[in-house]
Amino acid sequence: MAIYFMDGKFTNKDEIKISIEDRGYYFGDGVYEVVKVYSGKFFTEEEHINRLFESAKKIKMTMPYTKEQISSIIKELIVQNKLIEGHVYLQVTRGSATRQHHFPTPSVQPVVTAYTVEATRPILDMEKGVSVKSVEDVRWLRCDIKSLNLLGSVLAKEEAKDAGYAEALLHRDGIVTEGSSTNMFGVKDGVVYTHPVSNLILEGITRQVVLTLCGQLGIPVKEQAFMLAEAYEMDEFFYTSTTAEVMPITKIDDQLIGSGKRGRYTEKLQQAFTAQIPRLGSGING
Ligand code: PDD
């Protein structure tokens, strides 16, 4: 039976009781992380844990555990669930209190829950590519926080899915920001373009990995905003996330991108990314 974590205990799902007054439930008042597990090992651990604590700080929430304790919780879940490939979901809400918008006084203990999900890499899509639908970005102005408040993303993804697309390509005033749960990249004349880090996007961990790989491969990068109209004209397009890795985009709306097939820079980055993935017996992260 799958093992879940809640507030200090590793237990099964039926034992977990979340209060009706949890602020995550009322307000989406909390933060979360999705971390990838390859060969039973926690990938880009430090980056994810640092971002979790940054997000908590940005919403003025004191984490109830240290970074080391969060790392131990995730590793214990991987071990107890015998997870080889998939991800761990972990969220922290501000806790449970009578419904009032302001923070509870006196303050209450934040609620931490986490569990594992078995999932294989989306290899087929990574070879063939996917299509995305442009959707207006109507989310709030603190998209840099990995907050539980995801209604803007949920509605955008649903609009894309409903129209038969894999992901929403969000644009604000015509400027491409990111995806509903991914970061977006275009390639033009051998240069990789992506929205700069700001309050308008989440600084994805996979985005950071890809930018480092670009540096190692000698691929020039411009972290600079571009318009949706320019996106259609890119030679290649792809998105990144913890679960999607480097995903080629072959069509935006009804416009084919480049040849309509996975581009060569995208493929190079996928290969370089794959080379970094922990393998069984590699000893990374124990
Ligand atoms: N989503 N942008 C947004 C809005 C996201 O929600 C995510 C991650 C990313 C990519 O970040 P990373 O490379 O660190 O996964 C960008 C996760 C996977 C989710 O909500 O399921």
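Read-outs throughout are calculated quantities, based only on the coordinates presented, and are distinct from any laboratory measurement. On a predicted model such as this, the values are computed, not experimentally measured, just so you know. Virtual Cβ from ideal backbone geometry, glycine too; neighbours counted across all protein chains shown.
Laid out as a table, the results:
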| item | result |
| --- | --- |
| Unique residue being within 16 Å of the ligand (Cβ to nearest atom) and part of a helix (DSSP H, G or I) when the list is VAL246, VAL192, VAL209, VAL197 | VAL209 |
| In region 1-52, residue nearest to THR66 (Cα to Cα) [restricted to those that are among the aromatic types (Phe, Trp, Tyr) and within 13 Å of the ligand (Cβ to nearest atom)] | TYR32 |
| Where LEU202 falls short, out of the listed (1) assigned to a helix (DSSP H, G or I); (2) within 10 Å of the ligand (Cβ to nearest atom); (3) not β-branched (Val, Ile, Thr) | (1) |
| Candidate set: region 229-243, residues that are closer than 23 Å to PRO122 by Cα and hydroxyl-bearing (Ser, Thr, Tyr); chosen: the one farthest from the ligand (Cβ to nearest atom) | TYR239 |
| Qualifying residue in region 189-197 (condition: surrounded by 14 or more Cβ atoms within 10 Å (Cβ to Cβ) and of a type in the set (Gly, Ala, Ser)) | no |
| Candidate set from region 10-29 (those that are among the acidic types (Asp, Glu) and out of contact with any helix residue (DSSP H, G or I) (no Cβ under 8 Å at 6 or more places or on another chain)); member that is surrounded by the fewest Cβ atoms within 10 Å (Cβ to Cβ) | ASP14 |
| Residues satisfying the stated conditions in region 163-189, i.e. among the β-branched types (Val, Ile, Thr) and either away from the ligand (no atom under 11 Å from the Cβ) or within 14 Å of the chain's Cα centre (by Cα) (or both) | ILE175, VAL176, THR182, VAL187 |
| For VAL154: the one exception among (1) part of a helix (DSSP H, G or I); (2) surrounded by 14 or more Cβ atoms within 10 Å (Cβ to Cβ) | (2) |
| Set GLN255, GLN216, GLN224: member being more than 29 Å from SER55 (Cβ to Cβ) and more than 13 Å from the ligand (Cβ to nearest atom) | GLN255 |
| Pairs, first free of Cβ contacts under 8 Å to residues at least 12 places away in the same chain and under 27 Å from GLN276 (Cα atoms) in region 41-68, second surrounded by 14 or more Cβ atoms within 10 Å (Cβ to Cβ) and among the acidic types (Asp, Glu), C-beta under 7 Å, six or more apart | none |
| Sole residue being in a strand (DSSP E or B) and within 23 Å of LEU52 (Cα to Cα), chosen from VAL92, VAL108, VAL135 | VAL92 |
